[in-house]
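Heads up, the thing below is written out as structure tokens.
Read-outs throughout are calculated quantities, based only on the coordinates presented, and are distinct from any laboratory measurement. Given the structure is predicted, the values throughout are model-derived calculations rather than measurements. Reconstructed Cβ throughout: ideal geometry from the backbone, glycine too, with neighbour counts over all protein chains shown.
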Amino acid sequence: MAAHRSLEVSEVGDVTVVRFVDRKILDEANIQGLGQELFQLVEEENRGKLLLNFTTVEFLSSAALGKLITLDKKVKAHGGKLKLSNIRPEIYEVFAITKLNKLFDIREDESDALAAF
Amino acid sequence: MKNDRCLWEAEWVIPSELAEGSRVLEEILEQLANHEWGTHDIYSVRLALDEAIVNAIKHGNRHDESKQVRIACKLRPRELWVEIADEGPGFDPTAVPDCTCEENLEVPSGRGLMLMRCFMSRVEYNQRGNSVVMEKQRAEKAPDDAKPSQP
């Protein structure tokens, strides 16, 4: 398995659960690396069911949203499923304002999300 | 007129480096915390200023380290005023497509300006589009407002 510096990756059944190491997904350099690590899960490791758990994330920039959108496209192109969970209210506000809550399948917590695959 | 007085003001001219932009942002946020701004207000300012500073460095000056970004800031009891200017050619903010339209939902870029407008009280670009003024009215009462007025 490839090393992931920005992500904590675990498996629950056939679902890959991803947590973020950084509290602030803002910095442009970090976002590029984060994007590559996320894309690698789909394109190189062929993980079909991805759950991104945002419990550690306190800030999210528009550049990070862009990476999530690109990830969603890659997951769909590989016939997989992507779900998001444990998003703090102030971060959910960002998804709601940009209407990305319609694009992503966002669940309250990890167990809700796992049950929905 | 006590609410118009300036509690703190500062100006920076930084090279087009993201680390320099982050340093300035943290200085501004530290002042808000020192003046007991609420956590959601500080969160909003962080989000909007980060977007604006990254825009100036990345899209305005295109990471050209010979070009600079000027950031000016004034903190008053009820509001924060910030101006961020780059040396780029500018852009037309009215030409940025609506990222919430169905056909644009899956476009990875173009959300920064919308977040700035939603999280700040006022966002205004100059005519050239290389300088933005943003204001944030604090939601919670300023500590001075809570004190009884002097006879």
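Things worth noting here:
- Taking the alpha carbon gyration tensor of segment B:49-112, multiplying each eigenvalue by 5 and rooting it gives semi-axes of 25, 18, 9 Å, largest first.
- Along the axis of the charge dipole computed for segment A:7-115 (Cβ charges of +1 for Lys and Arg, -1 for Asp and Glu, origin at the Cα centre), the listed residues A:Asn30, A:Ala113, A:Leu100 are led at the positive end by A:Leu100.
- Dimensionless Rg/Rh of chain B - Kirkwood Rh, Rg from C-alpha atoms: 1.01
- Exposed trypsin sites (Lys or Arg not before Pro) absent - longest run of chain A, DSSP non-H/G/I/E/B, at most 14 other C-beta within 10 Å: A:24-117
- The angle between the Cα long axis of helix B:18-34 and the longest principal axis of the Cα atoms of chain B comes to about 20 degrees, rounded to the nearest 10.
- Summarised in one figure, the compactness ratio Rg/Rh of segment A:7-115, Cα atoms and Kirkwood Rh, is 0.92.
- Between the amide H of A:Glu58 and those of A:Lys24, A:Ile25, distances stay under 5 Å, these residues lying 5 or more places away or on another chain, with hydrogens modeled in the peptide plane.
- Using the Cβ-Cβ distance between B:Glu30 and B:Thr100 with R0 set to 30 Å, the FRET efficiency from 1/(1 + (r/R0)^6) comes to roughly 0.35.
- Links that overshoot a 21 Å alpha carbon limit, given the list A:Lys24/A:Lys76; A:Lys24/B:Lys58; A:Lys73/A:Lys102; A:Lys76/A:Lys99: A:Lys24/A:Lys76
- Simple Cβ-charge dipole of segment A:7-115, Lys/Arg +1 and Asp/Glu -1, about Cα centre, in debye nearest 20: 420 debye
- The charge dipole of chain B, taken about the Cα centre with unit charges on the Cβ atoms of Lys, Arg (+1) and Asp, Glu (-1), comes to about 500 debye, rounded to the nearest 20.
- For the protein assembly as shown, size of Cβ-based charge dipole, Lys and Arg +1, Asp and Glu -1, in debye: 380 debye
- Helices that extend 30 Å or more along their long axis by alpha-carbon positions and average at least -1.0 on the Kyte-Doolittle scale are absent among the DSSP H runs of chain A.
- Radius ratio Rg over Rh of the protein assembly as shown, counting only Cα atoms, Kirkwood formula for Rh: 1.01
- Spin-label pair A:Glu58-A:Ala115: with each label point 7 Å from Cα along the Cα-Cβ axis, the two points sit 3.1 nm from one another.
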